[in-house]
Amino acid sequence: MISAHLLLLYIAALAAVYAVPGPDMALMLQTGIGQGPRGGLAAAAGLALARATHVTLSACGMAALLRSAPWLYDGVRYGGALYLAWIAWQIFRSPVFALPGDEVSHHGRKPLRTIFVKGLLTNLLNPKALLFCSVLLPQFVRLEQGLVALQMLMLGGILVVTGACFDVACALGASRIAHWMQRHPLAQTAQRWTFSAVLLGFAWRLSFD
């Protein structure tokens, strides 16, 4: 069993990482504003599944394979960059916010399944997220504290839950300002330009790092 002190250090490390702006946070903020709380929760569920997948792949040695096969890492990296760029374009060309109960913006609301898949692929196609799991988790595993597989399972579960808490907070917080932004067309335009530019920046960084 992992000690309470080690768990606190682990959660603090996760909180520090999740608090740093990244493509996941940008997606959650934009989705919370544009698609409302339900859309934000759907995106958060997609991100959670992606992180659980990364934890599983990391435990199975997939991260080591990516490190030893640069061509495979580059393929996933470029695919992720293209996908982020595509999302940025979709945000830029979106006409209005989809607010609950609004007849005009109702047509702009996307199916929850589509939002879920967007969250899933945004994180799943980022090889750095997989490498992050493979580097962080083993640092908190102690052979003398029980089965390694059980410790990895616990650490992976905490990683997913902590990330989900941050994602939900971002989505719900962003959805609160959606009605205000709907009454200010200039703010909507600034929002589209800002999130598009941010995601394009992350796509550029991912493709050249």
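What follows is calculated from the coordinates using simple rules that are stated; it is not laboratory data. As the structure is a prediction and not an experimental result, all values here were calculated from the model. Counting neighbours? That spans all protein chains shown, and the Cβs are built from the backbone with ideal geometry, glycine included.
If the chain linking T56 and Q139 were pulled fully straight, counting 0.36 nm for each residue of separation and taking away their Cα-Cα distance, it would gain 28.3 nm.
Projecting the alpha carbon convex hull of segment 104-156 along each direction and taking the average yields 5.3 nm². With coordinates expressed along the principal axes, the C-alpha atoms belonging to segment 1-54 extend over 41, 21, 18 Å, beginning with the largest. Available extension along the chain between F208 and A4 is 69.5 nm, counting 0.36 nm per residue and deducting the alpha carbon span.
By other beta-carbon atoms within 10 Å, ranking D24, D74, D167 with the fewest at the front produces D74, D24, D167.
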